Amino acid sequence: MMEEQHLQARLIALLRQDKIQLWLEPYRSLRDPADRLKIQELAEKYASVIQFPVEEVTSALESIRTDTSRKDEGNKEFKETAVATLVLHLPREEGETKIKKVELKTKLDITTQELKKQISQEFGFTHFNLICGKVLSPERRLDEQKVKNNSKIMVVKGAPPDAKAEMYKNEEEKRKQDEEIKKTQKGFQILSERDGSEDPSTTPFLEIADQKGNPLQIPDEERKALILAMGFHEKGRALMKKRDHSAALPYLVLADEQFKKCNSAILHTVDNYAVLQLDVVWCYQALGQLECLDNARQRLEKAEQCFQKCYGEKQSRLQQIKGHTGGEEVLFLRLRILQTLLTYIEGHKNQALGKLKDVEHLYGELSLDPQKLQQLKELGFSEQEARLGLRACRGDVSEAALLITQRKKEKQVLKLKEQDKRRRRLQDINTLVELGFERRDAQRALHQARGDVDKAYGILLDGADAQKSDRDKKLNELLSMGFQEDMADSALRMTGDDVQQATQLLLENQAVIPADLQSPSPPSSSSEEPSTSSESTGSSRQDEDLLVNELLEDIPKHEEDYLDLTLEEEKELMDKIRTILEK
């Protein structure tokens, strides 16, 4: 597949150079034998230039001619009728090497669900996702999601039409995958809304930190988007480790959407966004669908720019923060391999060869000595710690052992500081609750006051005074209508301080509310709720914690897990590129 893309890219460059347009006569229809001879002569001419067999060049030219002619016709049709041509990249069956591309005619003012129904009827798939830069939402229209005429759409996870048992199995798998995505989103939304004020021994909480592990101060909305983005990313990475790239891709695309809600300055403070761009392109290449990812080059450029801003010139900022830079080299290895692959696909074979030599040199530097790994493991370190330590210290066993030990101590100090911070915050909230304020109000005020309990107390008092003043106005309004104060007060309490409803209630009861109708206490008071409600709230909180704990299993324990690559996949892709280039 890569060879086909490479050959087509080179031929397109030659056609542009010679100003030959295959979608125009005499090449468009090839009805006349003389016209067919012209394209044959063209194939022989170009075959001698690019050193490919004439048969392959002829086939590639025919493919380009057909594609451009169809595209030209499709553009005219779209202008006249608003019927668009979409290029579907269908999933490959086991053992297939070529991507199946088909064209589908449709209006763009239909929903994704309607398009899926059309695809299902035409190709026999039952359940699948559609990706066009992002996962297309079923209920939204295509044009609202930037799907255009000639857009390439990737069809992920189709079910065979001729096997009912397999179809039901895939249907159940797709349903589970959809539920899993929704569950993941809900869990990380719960985490994103927590402010670290709950009991640290029982309540999970996520903090956004820099490369050293120090918490970053970020506006609430961006913090929530970042936690969702990183949550989706970690879920996708967990699936990538299992080489389930098809299941990983939707999570990575959702992570990308959340990252786009964040300020660019924040994205250059942490390297998560750059790593995500690499992971998206890596998934596409693993699925053999790089052609479907139109902006692959842009994503890799974004990743490189983000690494430069995050790590500094020649990784100077990283050296200053962490004291070493070797570990991050694995990310640059993956980046360079993908850049080499794209360079070849875009038709630049000699450039790709030069890049591959640099990649192979970097791979050699990052490959670890098994004996050194064993030495560190015998000192009591895990294989992951040993790998990360050796790469960070560029293969020096003694320095790696010191670094791993030092990082463990630093992590413990950070953990204790965070636990102490959360305990003190919990104590401050309890103090405000004891002073008569609602727990949720106390949490919000303390958050607003950036942890200053005296300021939070002032905020709560101001709020209480404003609330009391507002209620007094409402009570006076009812008194001015001639209602008795005790009845007006009861009516307001029973209707949640809604003057209109309170007035209606008083009028319906001739201004005297029967004792059995009156609420025993105001809805906003701190008195106990009925036991069923309390039990329900407790149960809901337990369900939330169970969901969150389940999701946290996908979050690696080691903060540098994303740097811990065995390089097996990288070696496989390098060998594949080398084989193609040497043909």
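The values are calculated or read from the model by the stated rules, or taken from the named source; none is laboratory data. Note that this is a predicted model, so its numbers are computed, not measured. With ideal geometry, Cβ positions are generated from the backbone for all residues, glycine too; neighbour counts draw on all protein chains shown.
Results, tabulated for the structure shown:
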| quantity | calculated |
| --- | --- |
| Residues that are of a type in the set (A, V, I, L, M, F, W, C) and in contact (Cβ under 8 Å) with a residue 40 or more places away in the chain, drawn from segment 332-381 | 333, 335, 337, 338, 341, 342, 345, 352, 353, 356, 359, 366 |
| Matching residues in segment 131-158 - criterion: being under 15 Å from residue 88 (Cβ atoms) and hydrophobic (A, V, I, L, M, F, W, C) | 131, 132, 136, 142, 147, 153, 154, 155, 156 |
| Count of segment 403-426 residues which are in contact (Cβ under 8 Å) with a residue 60 or more places away in the chain and more than 30 Å from residue 442 (Cβ to Cβ) | 3 |
| Segment 544-563, subset among the aliphatic types (A, V, I, L, M) and surrounded by 15 or more Cβ atoms within 10 Å (Cβ to Cβ), residue farthest from residue 180 (Cα to Cα) | 563 |
| Positions within segment 312-327 being crowded, with 17+ Cβ neighbours inside 10 Å and out of contact with any Lys or Arg (no Cβ under 9 Å at 6 or more places or on another chain), in sequence order | 315, 318 |
| Check on residue 260, charged (D, E, K, R), surrounded by fewer than 17 Cβ atoms within 10 Å (Cβ to Cβ) and modelled with pLDDT of 75 or more | yes |
| The listed residue being surrounded by fewer than 17 Cβ atoms within 10 Å (Cβ to Cβ), out of contact with any Leu (no Cβ under 8 Å at 6 or more places or on another chain), of a type outside the set (Val, Ile, Thr) and touching a residue at least 12 places away in the same chain (Cβ under 8 Å), out of 463, 458 | 463 |
| Residue tally, condition of a type outside the set (A, V, I, L, M, F, W, C) and either surrounded by 15 or more Cβ atoms within 10 Å (Cβ to Cβ) or in the same structural domain as residue 349 (by TED's automatic domain parsing) (or both), over segment 41-55 | 1 |
| Any hit, segment 524-539, residues being of a type outside the set (S, T, N, Q), modelled with pLDDT under 75 and assigned to a helix (DSSP H, G or I) | yes |
| Only listed residue being closer than 20 Å to residue 22 by Cβ, among the polar types (S, T, N, Q) and in contact with a strand residue (DSSP E or B) (Cβ under 7 Å, 6 or more places away or on another chain), chosen from 111, 106, 85 | 85 |
| Boolean, residue 496 is over 30 Å from residue 219 (Cα atoms), in contact with a Pro (Cβ under 8 Å, 6 or more places away or on another chain), modelled with pLDDT under 85 and assigned to a loop (DSSP other than H, G, I, E, B) | yes |
| Criterion violated by residue 450 - all others in (1) charged (D, E, K, R); (2) farther than 30 Å from residue 565 by Cα; (3) in a helix (DSSP H, G or I) satisfied | (3) |
| Positions within segment 424-447 being of a type outside the set (Asp, Glu), out of contact with any Gly (no Cβ under 7 Å at 6 or more places or on another chain) and either part of a loop (DSSP other than H, G, I, E, B) or within 22 Å of residue 219 (Cβ to Cβ) (or both), in sequence order | 429, 435, 436, 437, 440, 442, 443, 444, 445, 446, 447 |
| Among (1) under 22 Å from the mean Cα position of the chain (by Cα); (2) at pLDDT 95 or above, the one test that residue 360 misses | (1) |
| Looking only at segment 292-322, and only at residues there that are over 24 Å from the mean Cα position of the chain (by Cα) and touching a residue at least 60 places away in the same chain (Cβ under 8 Å), the one that is nearest to residue 279 (Cα to Cα) | 318 |
